[in-house]
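Just below is one structure, and these are the notes that go with it.
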Amino acid sequence: MKLVTAAQMRELEAAAVAAGIPERQLMEEAGLAVAQEAWMTLGTLEGRRIVALIGPGNNGGDGIVAARHLYDWGAEAALYIPRQRRDMTLVDELAPREMQVLAGEDDPGGVLLEQLLSGCDLVIDALLGIGQERPLEPGEAIAKALIALAAARAGYNPPKLLAVDLPTGVNADSGAVDPLTVVPDQTITFGLPKVGMYQAPASGKCGRVQVIDIGIPKAAQDAVPLELLTARWARTALPARPEDANKGTFGRVLIAGGSPRYLGAPVLTANGAYRAGAGLVTIACPAGLVPALAPAIAEATWLPQTAAADGGLAGEAAIALRGEWPAFSAAVIGPGIGRSEATRAFLWAALADIASDLARGAVIDADGLNALAALADGRERTPSNAVLTPHPGEMARLLGTTVADIQSRRLDAAKEAAAAYGCVVVLKGAHTVIADAAGRVALSPYANPLLATAGSGDVLAGMIAAYLGQGLEPFEAAKLAVYLHAATGESLREEYGDSGLLAGEIATKLPRVVKELMG
């Protein structure tokens with residue numbers, strides 16, 4: 001499924017009009033869909049009181065059409081228009097009906113609105129939608145309407161609330177949420193879902209999201225570059241598992257990392273790779289760590305290496321591994337590797353070998369990313385088949401900025417990093433972003449605090465490498481791993497709630513989630 005900005009949605013609507021669909025028809029389709037959802041929400045309309053809060057633009061027009069249908073179907077539907085509409089045609093067309101229509105200018109104290117909301121069964125928020133272009137100002141008519149709505153929703157026997165296209169106060173692009181926003185039970189959005197609905201904090205402020213087709217041409221939708229990952233897509237993306245396969249069929253993954261301080265990181269990465277279907281996983285780590293790590297993962301094979309002064313991989317380990325890369329399909333560099341000068345030396349040398357000798361690509365994770373950011377020529381040396389997996393702090397170092405800057409523009413930051421490093425970038429966090437150097441972007445539908453636990457990213461890195469090893473291109477491998485990692489987190493959230501997860505449990509649960517996904 002594609003996601004759009006407010007500007008892109010307007011372009012899609014313009015494309016529909018250019019294709020011969022009148023703008024009024026688009027509004028009629030949208031309003032009818034809202035009315036149908038309202039009917040399904042209430043179950044019956046006879047004797048039900050419904051209030052539509054009507055804004056000055058097209059969003060308000062959708063609400064007027066919805067209220068008209070609900071009135072015709074038997075509901076006691078009323079309109080409240082806090083601020084004068086630019087075009088009153090739709091309101092004037094209601095004259096033959098005995099619908100109650102109130103204007104904010106006739107209700108300076110808000111008493112009439114309070115009376116309307118008192119005891120009503122459902123409210124339709126059709127105030128601004130994607131048309132909001134500035135913050136709501138306290139004291140203005142729409143702000144007052146939202147305050148009254150919030151009071152009604154907080155009272156005894158509160159009304160149900162449906163938002164049209166977007167809850168008022170939610171930014172369609174950034175996901176910013178105005179303090180006056182009233183969270184609906186459901187948002188009915190048109191054409192395609194909006195980017196802001198899948199950005200924190202807005203992702204938790206939209207209620208259940210229902211996407212309604214209003215006739216936007218498919219070709220115009222297909223041209224939208226931003227993709228929302230879905231279960232339907234993931235089912236089609238999973239690599240085939242032929243019955244006559246052997247372990248070589250499913251790829252050989254090399255993991256380079258480990259240090260005394262982060263002893264378990266390579267093991268978590270290996271578990272992630274195995275549980276995602278890798279045929280063979282080998283860990284290249286300091287030789288002194290092997291006796292401690294080997295009992296934790298009997299399935300792995302080992303390439304013991306020289307240790308640096310801090311106990312991590314020495315720079316010369318890259319030379320020792322030079323003849324090994326062609327034997328592997330994919331690799332992960334960085335889990336638990338440490339932050340020494342030796343790490344930077346190892347990465348600097350390994351990048352060239354990965355580019356020339358590794359068949360399907362490499363994941364650079366954790367302190368491998370910090371080492372990459374510290375290299376003067378890191379951007380130039382990064383292979384095009386690499387996948388970088390930074391959290392916001394690591395991304396800030398890769399781009400030479402601050403975490404606050406990254407978090408304020410996650411989509412743009414991921415695209416910027418992918419272009420700068422010439423590869424796929426996975427910006428982890430709530431609604432993880434995946435971007436590639438060609439400008440394609442995908443977004444995870446999930447935001448889950450349960451996954452904010454040490455080692456979660458190590459498991460994800462192993463999963464991406466496993467899908468690389470099984471033949472997926474870097475962008476597809478990263479998307480699939482991100483989706484399944486997050487979907488596994490959602491499954492575990494049903495058991496645990498929002499805390500208490502051990503990262504290794506993600507890997508353990510993964511095959512069951514994949515099985516359920518495949519039906």
Legend entry - Portion, in percent, of the accessible area of region 107-207 that falls on carbon or sulfur, probe 1.4 Å: 54 percent
Legend entry - Whichever aspartates and glutamates have a C-alpha closer than 19 Å to that of K2, once near sequence neighbours (fewer than 8 apart) are set aside: E11, E13, D165, D173, D213, D222, E227, D412, D436, E476
Inset, instruction - Using only the alpha carbons of region 64-147, determine the length spanned along each of the three principal axes and report them from longest to shortest in whole angstroms. - result: 36, 28, 22
Legend entry - Per principal axis, descending, Cα span of region 137-212 in whole Å: 32, 28, 19
Legend entry - Positive-pole candidate from A38, T5, G61, dipole of region 1-75, charges at beta carbon: A38
Inset, instruction - Mind computing the radius of gyration and Dmax over the alpha-carbon atoms of region 271-365? Å is fine for both. - result: 12.8, 35
Inset, instruction - Over region 270-364, with every protein chain in place, what whole percent of the accessible area is carbon and sulfur at 1.4 Å, could you tell me? - result: 55 percent
Inset, instruction - From the C-alpha gyration tensor of region 334-435, pull out the three semi-axes of the equivalent ellipsoid (sqrt of 5λ each), sorted largest to smallest, in whole Å. - result: 21, 15, 11
Inset, instruction - Taking each pair of different alpha-carbon atoms in the chain once, compute 1/r for the pair, average those values, and report the inverse of that mean as the Kirkwood hydrodynamic radius in Å to one decimal. - result: 25.0 Å
Legend entry - Between helix 474-496 and the chain: long-axis angle, C-alpha atoms, 0 to 90°, nearest 10: 70 degrees
Inset, instruction - Provide the per residue accessible area, probe 1.4 Å, for region 152-266, rounded to a whole number of square angstrom. - result: 44 Å²
Legend entry - Mean Cβ count within 10 Å, highest first, over the residues of peptides 158-166, 95-103: 158-166, 95-103
Legend entry - Per-peptide average of other Cβ atoms within 10 Å, ordering 456-469, 79-92, 426-439 highest first: 456-469, 426-439, 79-92
Legend entry - Heavy-atom surface of region 8-141, accessible at 1.4 Å and reported per residue (Å²): 47 Å²
Inset, instruction - Give me the accessible area of R339, 1.4 Å probe, in Å² rounded to the nearest 10. - result: 150 Å²
Legend entry - FRET efficiency, 1/(1 + (r/R0)^6) with R0 35 Å, evaluated for A327 and R379 via beta carbons: 0.80
Legend entry - Exposure rank, largest accessible area first [R344, R440; 1.4 Å]: R440, R344
Legend entry - Extension reserve of the A7-D185 stretch, reckoned as 0.36 nm per residue once the Cα distance is removed: 61.5 nm
Inset, instruction - Could you size up the charge dipole of region 454-519 around its Cα centre, putting +1 on the beta carbon of Lys and Arg and -1 on that of Asp and Glu, and report it in debye to the nearest 20? - result: 140 debye
Legend entry - region 400-519 - percent of accessible surface contributed by carbon and sulfur, probe 1.4 Å: 51 percent
Inset, instruction - Kindly provide log₁₀ I(q)/I(0) values, in the same order as q = 0.12 Å⁻¹, from the Debye equation applied to equal alpha-carbon scatterers of region 82-199. - result: -0.46
Inset, instruction - Assign unit charges at the C-beta atoms only (+1 for Lys and Arg, -1 for Asp and Glu), then state the dipole size of the chain relative to its Cα centre in Debye, rounded to the nearest 20. - result: 1160 debye
Inset, instruction - Could you order K415, K194 so the one with the most accessible surface comes first? Probe is 1.4 Å. - result: K415, K194
Inset, instruction - Enter the angle in degrees (range 0 to 90, nearest 10) between the Cα long axis of helix 410-421 and the first principal axis of the Cα atoms of the chain, meaning the one along which they spread out most. - result: 30 degrees
Legend entry - Percent of alpha-carbon pairs separated by more than 25 Å within region 370-519: 26 percent
Legend entry - Chain lengthening between W233 and R208 when straightened (0.36 nm per residue, less Cα-Cα): 7.0 nm
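The values are calculated or read from the model by the stated rules, or taken from the named source; none is laboratory data. These numbers were taken from a predicted model, which means no experiment stands behind them. Positions of Cβ are generated from backbone atoms using ideal geometry, with glycine treated the same way; all protein chains shown enter the neighbour counts. Keep in mind that these areas ignore ligands, DNA and RNA; they rest on the heavy atoms of the full protein, side chains included. Shrake-Rupley method; radii C 1.70, N 1.55, O 1.52, S 1.80 Å.
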